[in-house]
1. Scan region 303-315 for residues that are within 16 Å of ligand 2 (Cβ to nearest atom) and either small (Gly, Ala, Ser) or crowded, with 19+ Cβ neighbours inside 10 Å (or both) and jot them down.
2. Name the helices (runs of 4 or more DSSP H) wholly inside region 324-435 in which the number of residues that are modelled with pLDDT under 90 and closer than 30 Å to residue 207 by Cα is 2 or more.
3. Among the numbered criteria (1) among the hydroxyl-bearing types (Ser, Thr, Tyr); (2) modelled with pLDDT under 95; (3) within 21 Å of residue 390 (Cβ to Cβ), which one does residue 630 miss?
4. Filter region 568-605 down to the residues that are more than 16 Å from ligand 2 (Cβ to nearest atom), over 23 Å from residue 632 (Cα atoms) and part of a strand (DSSP E or B), then identify the one that is most open to solvent (accessible area, probe 1.4 Å).
5. Could you please give the count of residues in region 215-252 that are within 26 Å of the chain's Cα centre (by Cα), in the same structural domain as residue 38 (by TED's automatic domain parsing) and either part of a strand (DSSP E or B) or among the acidic types (Asp, Glu) (or both)?
6. In this structure, does residue 450 turn out to be acidic (Asp, Glu) and modelled with pLDDT of 85 or more?
7. Residue 148 is checked against (1) within 22 Å of residue 84 (Cα to Cα); (2) free of Cβ contacts under 8 Å to residues at least 60 places away in the same chain and fails just one. What number does that condition carry?
8. Taking residue 87, is it within 14 Å of ligand 1 (Cβ to nearest atom) and of a type in the set (S, T, N, Q)?
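The values are calculated or read from the model by the stated rules, or taken from the named source; none is laboratory data. In this text the structure is predicted, and so the values were computed from the model without any measurement. So basically every Cβ, Gly included, is an ideal-geometry build from the backbone, and we count neighbours across all protein chains shown. What goes into the accessible areas is simple: the full protein's heavy atoms, side chains included, and nothing from ligands, DNA or RNA. Shrake-Rupley method; radii C 1.70, N 1.55, O 1.52, S 1.80 Å.
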Amino acid sequence: MEREAKPYILKRLADEASPRTLSIDYQAALNSQQLAAVTAGEGPSLVIAGAGSGKTRTLVYRVAYLIDSGIDPSNILLLTFTRKSAQEMLSRAGDLIGARSQRVCGGTFHSVANMLLRRYGRSIGVEPGFTILDRGDAEDLIALCRAQLGLNDKGKRFPRKGTVMEILSKSENTLRGLDDIVLEEFAHFADHLEDLTRLQQAYQSAKRQKQLLDYDDLLVMLRRLLESDESARAAISRQYRYILVDEYQDTNRLQAEVIRRLASTHNNVMVVGDDSQSIYAFRGATFKNIMEFPTLFSNATIYKLEENYRSTQPILSLANCIIEEATEKYTKRLFTRKIDGPLPSLVEAAGENAQSRFIAQKILELREEGVPLSEVAVLFRSSFHSFDLEIELSRAGLPFIKRGGVKFIETAHVKDLLAHVRVIANPLDTVSWHRVLMLVEGVGPKKAQDLLAAIVKVGRPFDVLRGVSGRSGQGLKSLANALEGLSGAGDQSPAEQVSHIYEYYLPMLKEQYDDYPKRIRDLDHLHTIAEGYPVINEFLADLALEPPDGSAVDVDAPDRDDERLVLSTIHSAKGLEWQCVFIIWVVDGRFPSAYSFLSDDDLEEERRLFYVSVTRAKRYVFMTYPINVYDKASGMLLSKPTRFLDHVSSDLLDVLALVEESGQEHWGSSRYQDF
Ligand code: ATP
Ligand code: MG
């Protein structure tokens, strides 16, 4: 039907472009395979290639090329894994084509879903003022529903709120039924299937009534909107005539479905990815999405990129060797013209602290040799792996920023403050109400529940709070006054709201935390972020969707961005590159983690994770592993380097051990020597 209504005709871009003079010399900047993808005509295309082969660069040039060919930038949609990467890509496109690139719509699937649902969601019952629940909030709501259903009191252990969330989320993201997920992946909870289904229903109806959407809902609802509202779908599809997706290997089925529907009227979709770098299976991502792209979009053109521009041959040889052992893979071997470079090092350390001191020392040496701190990264499997190193780096005066750890927004004090702002933005937000009430002296879980019920029923929260006498009476009155101060002035900016609640919250913060000075810095930071927003809903949605990195409680570094090295989980290092990459805890049992030993799929995911970490490096790779580490969880003594190096021939590695120089005990004292 919308065929007649189509307001445009399909024309091959190349035909349109040829008489135009293009402003960029694409041929000089790209190899022939990249050029073919960048200048491709309309229709679906898949760029599949290994790490560092220029996939992201291809998308950047594609954006520039489309604009260069006369496409209105606002007709382009660029979907990336983080908002930061979208911004970086668009700024790089801007360097090529000028400020027009800023009108391209770029962001994550979730942020685009958020924007579209606020504009078009009414037809499927999503009001524009909805609140986004982050993972912690969603779990809290599940706990509330679970308590209401009386599931806590059952004899047999019911899954924890985090596990319930994991089960529900997996079902949404993989488009599989709850029973399927429970019976196949959580069989030990099979007895609870009926109760889990009830809980799922209660959770969903609570969200619907209170206009709360969790992360999964954003995608689920967007898909529903695109399915059920023809006119919205036509309008959206018309708006975004060119859809580009980076890191496609880390999308899940739901996202693939969303893309298909977004593109339903034009099929102009270009996705790029590397199946060997798929590392988000725990969130339902599947590298099979890449293999299945040609099925989802028939007539897809496939482009393969084979030259690696990032790493030297020794690094690439190691990476190739690691991924060669993978059971399922699609991408080909890569080559590079950067033939020379040092061999990747595998360094044995007597213990965790020796590992940390070596790294601090090596970073200082590299800096002497001219490698700036901003070109150094230390990568690890889990956020807690870097705690000892963080202390050592601070001692050595090496400033760092940590990525992928506890997010600033997930810290209790930031959540506390925001909860107050949120109950005013959405008075139905019971999760935030609960948090706000529990902070008041004299209010426990039972009292909070009763108050919540009254607030929902009566609808005039301030009256309810002021009507309470007894131990919590005074506290609740102060709360009512503080909140009324927010709601009374509808035109208060987000920053004004934050500082208003800050005044009220400060005494509680001081009372509760010994390290409150650091936490106050986080709240100051929150205030600074708020200053960038004119509207409260935008501020809250962005915080939930794209939480800023590290809290001051974890990271203590001066504010000189360019002078810091990066500590990052491997997951958060996706798509990035540095001159020098350290990978720590490369000891079997930590990497791969002992938990993954029992499942082939999990082990394969860990292998890909290792591949991702090695391929971040341009010139230097140092893999370090402490020995004689007792692992409490598995009861094992860890001493062996990761099994992913078992098949790597010794001439691809520089195998070293740290030897403590006698008489010196500080971080600079260890020297390393060849085995
Ligand atoms: P990943 O798989 O890690 O996401 P990628 O395939 O997206 O990597 P890019 O990040 O786009 O690769 O490129 C890796 C590096 O190689 C970048 O520094 C990029 O600028 C450079 N590069 C890519 N192609 C070329 C080229 N044709 N000429 C010069 N440099 C290039
Ligand atoms: Mg990339």
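1. 303, 305, 308, 310, 311
2. 412-425
3. (3)
4. Taking the candidates together, the pick is 579.
5. Counting residues in region 215-252 that are within 26 Å of the chain's Cα centre (by Cα), in the same structural domain as residue 38 (by TED's automatic domain parsing) and either part of a strand (DSSP E or B) or among the acidic types (Asp, Glu) (or both) gives 8.
6. yes
7. Condition not satisfied by residue 148: (1).
8. So residue 87 does not fit the description; no.
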